[in-house]
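Presented below is the structure to which this report refers.
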Amino acid sequence: MLTLSNIQKSFDNQVALDIPHLNITGQQTTILIGPSGCGKSTLLKMINGLIKPDQGEVLFKQGKINTQNINLLRRQMGYVIQEGGLFPHLSARDNIMLMPRHIKLAPDTAEQRLQSLAELTQLDAGQLKRFPSQLSGGQRQRVALMRALILDPDLLLLDEPLGALDPMIRFEMQSQLKSIFQKLGKTVLMVTHDLNEAGFFGDHLVLLRSGKIVQQGTARQLIENPNEPFVEQFINAQRAPSIIAR
Amino acid sequence: MTANKIKIFIFTILLFECFNCRAESQITIASKTFTESVILGELASQITGAKTVHQKQLGGTRVLWSALLRGDIDIYPEYSGTLLHEIFAGHDKNTDLHALLKPLGIAATRAIGFNNTYALGMRPASATELGINTISDLANHPELQIGFSNEFINRSDGWPGLQTHYRLPQKKVRGLDHDLAYRGLTNESLDVIDLYTTDAEIHYYNIKILHDDLNYFPEYNAIFLYRLELEQSAPQVIRQLKRLENVITADAMTTMNMQAKLERVPEAEVAAKYLSTQLNVNSEIVIDSRWSRLVRHSIEHLVLVGISLGAAILVALPLGIAAYLNTRLGQFILSCTAIIQTIPSLALLVFMIPLLGIGSPPAIAALFLYSLLPIIRNTHTGLHDIAPPVRESAKALGLSRTARLRLVELPLATRSILAGIKTSAVINVGTATLGALIGAGGYGQPILTGIRLDDTSLILEGAIPAALLALLVQYSFDLAERLLISKGLRS
Ligand SMILES: Nc1ncnc2c1ncn2[C@@H]1O[C@H](COP(=O)(O)OP(=O)(O)OP(=O)(O)O)[C@@H](O)[C@H]1O
Ligand SMILES: [Mg+2]
């Protein structure tokens with residue numbers, strides 16, 4: 001589905017990404033984890049074409065991403081950026097419906113999708129009428145998810161999409177999203193800080209440090225066979241609070 | 001769509017309104033910005049009949065002379081001294097005027113009769129106290145406060161020449177409006193001012209005229225200058241105009257000046273009375289009511305503001321967007337418009353005259369240039385200040401560059417853009433009052449006349465509606481803001 005090869009990217013002579021090879025398998029969920037500033041968001045932006053690699057190339061469905069095809073490809077990628085990025089001048093509903101209207105999707109289809117997504121995210125019609133500034137952080141994240149899903153894209157790039165949700169909704173959304181991803185066979189690339197969430201969603205985990213891939217595999221593989229002390233450290237640091245919670 | 005049509009319709013009407021004044025090829029008589037010139041303009045216009053229009057107080061010598069050369073105006077009253085010492089400075093003073101004028105396509109009538117030359121004046125009390133009777137006597141009193149009209153200070157036959165001729169020691173000379181100088185003299189903030197010998201105020205304020213003992217001031221015989229071609233195209237107009245030759249004495253002129261300036265008789269009426277008693281010419285004059293004047297000035301003002309602002313919006317919005325899209329180009333655009341903004345408004349108006357003549361076109365052009373910067377800058381800033389995540393997510397959705405501008409960026413910049421247009425509009429309404437200085441009319445007209453005649457009610461007749469218009473503009477933009485800006489952007 002998605003292949004990155006020989007990717008190099010630096011900001012002001014600081015290496016932000018250095019990935020010789022990474023394959024994202026179709027129809028499964030890949031989780032990007034790693035400490036803050038390790039390049040997770042940069043990687044998602046590169047796949048979406050917001051950032052150009054200094055070297056190397058990104059292949060999406062076997063095709064190379066370039067400036068000509070990027071806008072069409074972007075419509076096949078639902079991208080929830082870390083900050084949500086809702087348009088403040090549009091109501092939640094208009095934020096979601098902007099692209100369906102722009103590409104002249106049949107209004108009935110768009111409306112149907114909107115309804116089922118609203119059900120999934122547990123947002124009611126009243127909330128959808130509000131502007132982003134009138135919504136809570138968690139509600140905004142859910143609107144951003146709806147906006148990313150409304151064109152029914154093959155690939156989903158999710159940058160901490162559930163970070164601001166309270167544990168109850170979060171738990172419910174996790175299971176619902178997971179079943180949607182599986183049912184519809186979506187390819188998902190998700191960034192999260194929460195190892196539980198990673199293990200819950202992820203068929204495949206990719207651990208980054210300073211722009212480099214340290215280890216990838218299932219959650220179990222990472223936990224049982226860490227190939228570096230850093231992996232162990234990272235996992236232990238993440239695991240502690242959830243043990244206490246139990 | 002209909003809103004667009006209405007806009008185009010209004011724009012077209014305004015355009016017509018603007019060029020209407022020039023469409024009919026009437027003979028235009030102009031006058032300078034002081035009362036005597038306006039009266040002379042009225043005399044000329046009434047005696048020549050219905051074929052002529054009078055553009056009152058159009059500007060100073062330079063403005064009128066170049067307007068006459070360009071053919072923007074056809075006739076204006078001038079003084080022989082001004083021609084010799086100002087316009088043809090550097091020529092032999094004994095040259096025949098007609099020989100100088102003819103190659104330029106200009107002709108002059110013979111002297112109308114009176115000599116309105118420069119003189120210096122003081123309060124009689126202070127003159128007596130200091131023992132000053134002649135201009136030479138000023139040499140012993142370098143401490144005297146001197147205030148001269150700006151034109152007198154700058155022209156070669158004015159203060160610079162006078163100072164050399166009499167070896168006067170005074171270094172500090174204040175430049176001010178001629179009509180304000182009298183008030184400066186009477187309230188003792190000035191001791192010496194320049195005068196014209198037919199000024200109404202000489203008698204009124206009882207001013208002591210200093211004897212020109214070294215014969216510095218040349219003759220300033222009043223004449224009419226006109227375009228030579230009128231002798232063929234409108235011989236009867238020139239024949240009528242020449243009936244004023246050798247007729248008006250200095251005394252008669254001073255009296256007329258006094259009636260107009262101090263008794264507040266409209267110039268048209270003063271001229272009509274003179275013509276009927278002295279030359280048996282009866283002219284019908286229409287003195288505008290305050291109300292009809294207000295309507296006329298409002299239309300003129302709205303034309304100036306409407307066209308210049310409308311054009312500025314049409315040009316500045318795309319420039320602001322271009323400045324946002326291309327940083328290099330943006331810096332260039334922003335610095336160019338900033339430079340325009342540093343030119344004083346009056347200077348910009350005068351710069352426009354050689355290019356566009358007089359009247360509303362140069363005023364509109366100057367106002368247009370002035371209105372650009374706030375709109376360009378605010379458009380650029382509004383777009384530039386959009387939060388990066390919002391800009392990024394618009395890209396990430398797969399919107400093209402133009403779609404992003406239209407659907408996301410411009411709506412988010414609306415508040416800033418509207419604020420820029422509002423700033424431009426309010427400044428424009430105020431600056432447009434200066435348009436009257438180059439014959440564009442508007443609310444500046446009564447203000448200008450009011451200053452000239454020291455008539456506060458006339459000044460207010462322009463100042464109050466201008467202020468109200470500025471408030472109205474402000475209010476309508478506040479309203480537009482409420483209608484155009486998304487609720488989501490209001491905190
Ligand atoms: N536009 C930019 N210019 C310069 N440096 C940048 C830019 N974007 C990111 N960086 C740097 O690149 C590195 C990776 O940033 P990135 O946003 O990908 O981190 P992240 O893994 O998403 O972190 P977090 O978990 O905190 O979101 C950081 O050191 C960051 O400072
Ligand atoms: Mg990040």
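The values are calculated or read from the model by the stated rules, or taken from the named source; none is laboratory data. None of these values were measured; they are calculated from a predicted model. Glycine also receives a Cβ, built like all others from the backbone with ideal geometry; neighbour counts cover every protein chain displayed.
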Some residue of region B:444-455 being over 16 Å from B:G306 (Cβ atoms), part of a helix (DSSP H, G or I), modelled with pLDDT of 85 or more and within 14 Å of chain A (Cβ to nearest Cβ): no
Among (1) within 14 Å of another protein chain (Cβ to nearest Cβ); (2) within 16 Å of ligand 2 (Cβ to nearest atom); (3) out of contact with any helix residue (DSSP H, G or I) (no Cβ under 8 Å at 6 or more places or on another chain), the one test that A:V206 misses: (1)
Subset tally (residues that are under 28 Å from A:D166 (Cα atoms) and of a type outside the set (K, R)) for region A:179-230: 32
Candidates B:I146, B:I153, B:I132, B:I75, filtered to the one that is assigned by TED's automatic domain parsing to the domain that holds B:Q240 and of a type in the set (V, I, T): B:I75
Subset of region A:110-127 (residues that are in a helix (DSSP H, G or I) and either closer than 18 Å to B:L397 by Cβ or in contact (Cβ under 8 Å) with a residue 12 or more places away in the chain (or both)): A:A110, A:R113, A:L114, A:L117, A:A118, A:L120, A:T121, A:Q127
Hey, A:L90 in a loop (DSSP other than H, G, I, E, B), at pLDDT 95 or above and not assigned by TED's automatic domain parsing to the domain that holds A:H193 or not: yes
Selection within region B:399-424 - among the β-branched types (V, I, T), more than 10 Å from chain A (Cβ to nearest Cβ) and in contact (Cβ under 8 Å) with a residue 12 or more places away in the chain: B:I417, B:I421, B:T423
Members of region B:363-375 that are under 11 Å from B:I438 (Cα atoms) and surrounded by fewer than 24 Cβ atoms within 10 Å (Cβ to Cβ): none
Residues of region B:191-237 that turn out to be assigned to a strand (DSSP E or B) and over 17 Å from B:A108 (Cβ atoms), as a count: 9
Qualifying positions in region A:28-83 - surrounded by fewer than 24 Cβ atoms within 10 Å (Cβ to Cβ), at the interface with another protein chain (Cβ under 9 Å from one of its Cβ atoms) and in a loop (DSSP other than H, G, I, E, B): A:G49, A:L50, A:R75, A:Q76, A:Q82, A:E83
Residues of region B:351-390 satisfying the condition of being closer than 28 Å to A:L50 by Cα and hydroxyl-bearing (S, T, Y): B:T379, B:T381
Residue satisfying condition, being of a type outside the set (K, R) and at positive phi, within set B:G450, B:G439, B:G488, B:G444: B:G439
Selection within region B:376-398 - surrounded by 20 or more Cβ atoms within 10 Å (Cβ to Cβ) and away from chain A (no Cβ under 13 Å): B:I376, B:R377, B:N378, B:T379, B:H380, B:L383
Condition check for A:S5: under 17 Å from B:P389 (Cα atoms), of a type outside the set (F, W, Y) and either more than 16 Å from ligand 1 (Cβ to nearest atom) or assigned by TED's automatic domain parsing to the domain that holds A:G202 (or both): no
Residue in region A:118-131 that is within 16 Å of ligand 1 (Cβ to nearest atom) and buried (at least 19 other Cβ atoms within 10 Å of the Cβ) present: no
Qualifying residue in region B:105-125 (condition: in contact (Cβ under 8 Å) with a residue 40 or more places away in the chain, more than 26 Å from B:M256 (Cβ to Cβ), among the small types (G, A, S) and outside the structural domain of B:Q240 (by TED's automatic domain parsing)): no
Pick from region A:129-138, criterion away from chain B (no Cβ under 13 Å) and in a helix (DSSP H, G or I), ranking: nearest to ligand 2 (Cβ to nearest atom): A:G137
All positions within region B:336-367 that are of a type outside the set (A, V, I, L, M) and assigned to a helix (DSSP H, G or I): B:C336, B:T337, B:Q341, B:T342, B:S345, B:F351, B:P354, B:S360, B:P361, B:P362
Residue satisfying condition, being within 16 Å of ligand 2 (Cβ to nearest atom), assigned by TED's automatic domain parsing to the domain that holds A:E228 and over 18 Å from A:D154 (Cβ atoms), within set A:Q55, A:Q14: A:Q14
Residue in region A:139-147 that is more than 14 Å from every other protein chain (Cβ to nearest Cβ), away from ligand 1 (no atom under 16 Å from the Cβ) and aliphatic (A, V, I, L, M) present: no
Boolean, B:G90 is in contact (Cβ under 8 Å) with a residue 24 or more places away in the chain, assigned to a loop (DSSP other than H, G, I, E, B) and on the phi > 0 side of the Ramachandran plot: no
Which numbered condition A:I24 fails, given (1) touching a helix residue (DSSP H, G or I) at 6+ places or on another chain (Cβ under 8 Å); (2) away from chain B (no Cβ under 14 Å); (3) of a type in the set (A, V, I, L, M): (1)
Boolean, A:G34 is under 30 Å from A:Q127 (Cβ atoms), within 16 Å of ligand 2 (Cβ to nearest atom) and within 21 Å of the chain's Cα centre (by Cα): no
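Any residue at all in region A:155-169 that's free of Cβ contacts under 8 Å to residues at least 24 places away in the same chain, assigned to a loop (DSSP other than H, G, I, E, B) and either loosely packed, with under 15 Cβ neighbours inside 10 Å or away from ligand 1 (no atom under 16 Å from the Cβ) (or both)?
no
So which of A:S41, A:S5 ends up being at pLDDT 90 or above and within 16 Å of ligand 2 (Cβ to nearest atom)? Please lay out each step first, then the result.
Details: A:S5 fails: within 16 Å of ligand 2 (Cβ to nearest atom).
Criteria check complete, one pass: A:S41.
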Members of region A:155-169 found to be away from chain B (no Cβ under 13 Å) and more than 16 Å from ligand 2 (Cβ to nearest atom), listed by number: A:L165, A:D166, A:P167, A:M168, A:I169
